[in-house]
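Where a number appears in this text, it was derived from the coordinates with a stated rule and is not lab data. What you are looking at is a predicted structure, and each value in this text was computed from that prediction instead of being measured. Counting neighbours? That spans all protein chains shown, and the Cβs are built from the backbone with ideal geometry, glycine included.
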Amino acid sequence: MSKESIQNPQPKIQNLNRRHLLGLSGWGAEEIQLVLQTARRFREVLERPIPQVPTLRGTTVATLFFEPSTRTKLSFQLAASRLSASTVSFSKSGSSVAKGETLKDTAQNIEAMKTDLVVLRHPSPGAPHFLARHLDAALISAGDGAHEHPTQALLDLLTMAERFETFEGLRVSIIGDVAHSRVARSNVFGLRALGAEVTLCGPPTMLPSHPAGLPGVRTTSALGDALDGCDVAMALRIQLERQDEPLFPSLRAYHAHFGLTRAHLDAHPGLLVMHPGPVNRGVELESEVVDHERAIILDQVTNGVALRMAVLYLLAGGGAEDEGAA
């Protein structure tokens, strides 16, 4: 099957009938396609001489980040700005949290300032689900511990959809520290909902101990097996901050067994390489791979703004049928 032409199926639903985006577990194909289709329209906005629309003028977006972030935080702030929304930014350092204020109280105080959408990153799994029960504002998870990172997965899906005509039968291998990766979990849920075949690859110590929680995937600790017939290889950062003890002998040993190299690209001519960032050159990816034309990492970053514009727009009440949204 040729995968050169791009197929953008029109979603059968016109509105996202959800108040929040807390994860992709339980999401159906039509919901995901609605978000992707909306993001494509906003990607066109970003190509204009003035990449801004008045769609969310009068709306306020609060970003609450309890963990360090560069790409995700800036991407949400840019997305809100491109939609003409106002933004308020919160970071843990220098805030009332350092004085003992709880997550619930912090968020409710920010909501009392009349915010409409809240973007939350938190180190504790389930924090967005907890907060969603206490806020009237729409809540978007920007990552919670090792649980989920739904907008990262959605932008990854958008990037794949630009290059493949269908997700049905698409073979995606996710390689690296899967056990600690919220990106991997959200991607598995999204890819499986759309019909892709998913392989998880890494050292046995970095694979999930209960793969039944990620339905429909296969696991392997042999990189060659994971790359055989693979369309997309997604490398993951080793998350040392979430490991209680070392899970591999050394970074050099990890790269020797699980790092993607130019030799892998040469052996698999159609293979595309992705990475959610930040990339550790010489560990997950050989430096030459990062800079290769078949590494579409910067496309992921660009698509992140359009995808997050779509999520903000849809959760603010916009729909696919609205004219002039983009």
Original post:
How high is the FRET efficiency between GLU47 and PHE130 when r is their beta carbon distance and R₀ equals 45 Å, given to the nearest 0.05?
Top reply: 0.70
Subject >> Longest to shortest principal axis, alpha-carbon extents of the chain, angstrom >> reply: 54, 48, 37
**OP:** Treating only the Cβ atoms of Lys and Arg (+1) and Asp and Glu (-1) as charged, compute the dipole magnitude of the stretch 164-295 about its Cα centre; round to the nearest 20 debye.
**Re:** 300 debye
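I'd like the FRET efficiency for ARG18 and LYS114, computed as 1/(1 + (r/R0)^6) with the beta carbon distance as r and R0 of 22 Å, rounded to 0.05. Before the final figure, lay out the partial values.
Details: r = 22 Å, r/R0 = 1.00.
FRET efficiency, ARG18 to LYS114: 0.50.
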Subject >> Unit Cα scatterers, Debye sum, the stretch 103-196: log10 I(q)/I(0) for q = 0.19, 0.24 Å⁻¹ >> reply: -0.88, -1.13
Subject >> Unit Cα scatterers, Debye sum, the stretch 164-295: log10 I(q)/I(0) for q = 0.09, 0.17, 0.18 Å⁻¹ >> reply: -0.23, -0.85, -0.96
Subject >> Farthest positive-ward along the chain dipole, Cα basis, beta-carbon charges - from ILE297, GLN152, THR60 >> reply: THR60
Subject >> Check: the chain dipole with +1 on Lys, Arg Cβ and -1 on Asp, Glu Cβ, in debye >> reply: 720 debye
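Under the 0.36 nm per residue contour assumption, what length would be gained going from the current alpha-carbon distance of GLU293 and ALA29 to full extension? Write out the running numbers ahead of the final one.
Values: separation 264, 0.36 × 264 = 95.04 nm, distance 2.97 nm.
Gain on stretching GLU293 to ALA29: 92.1 nm.
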Subject >> Farthest toward positive dipole pole in the chain [+1 Lys/Arg, -1 Asp/Glu at C-beta], among MET274, GLN33, HIS134 >> reply: HIS134
Original post:
Which of the peptides 75-85, 265-275 is most tightly packed, and how do the rest follow, judged by the mean count of other Cβ atoms within 10 Å per residue?
Top reply: 75-85, 265-275
**OP:** Any chance you could run the full-extension gain for THR205 through ASP105? It's 0.36 nm times the residue separation minus the Cα-Cα distance, nm to one decimal.
**Re:** 32.2 nm
Original post:
Remind me, relative contact order of the stretch 164-295 in percent, using alpha carbon pairs under 8 angstrom and six or more residues apart?
Top reply: 25 percent
Original post:
When only Cα pairs under 8 Å and 6 or more residues apart are kept, what is the percent relative contact order across the chain?
Top reply: 23 percent
**OP:** At 18 Å minimum axial length over the Cα atoms and a Kyte-Doolittle cut of -0.5, report the qualifying DSSP H helices in the chain, or say none.
**Re:** 29-46, 182-194, 297-315
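Rounded to the nearest 500, what is the chain's calculated 222 nm mean residue ellipticity when only DSSP H runs of at least 4 contribute -39500 (n - 2.57) each, over all residues?
Calculated from helices alone, the mean residue ellipticity at 222 nm is -10000 deg cm²/dmol.
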Original post:
Applying 1/(1 + (r/R0)^6) with R0 = 45 Å to the Cβ-Cβ distance of SER84 and ARG262, what FRET efficiency is obtained, to the nearest 0.05?
Top reply: 0.55
**OP:** Return the loop-located GluC sites (Glu not before Pro) in the stretch 149-189 (DSSP other than H, G, I, E, B) with at most 13 other Cβ atoms within 10 Å of their own Cβ; answer none if there are none.
**Re:** GLU168
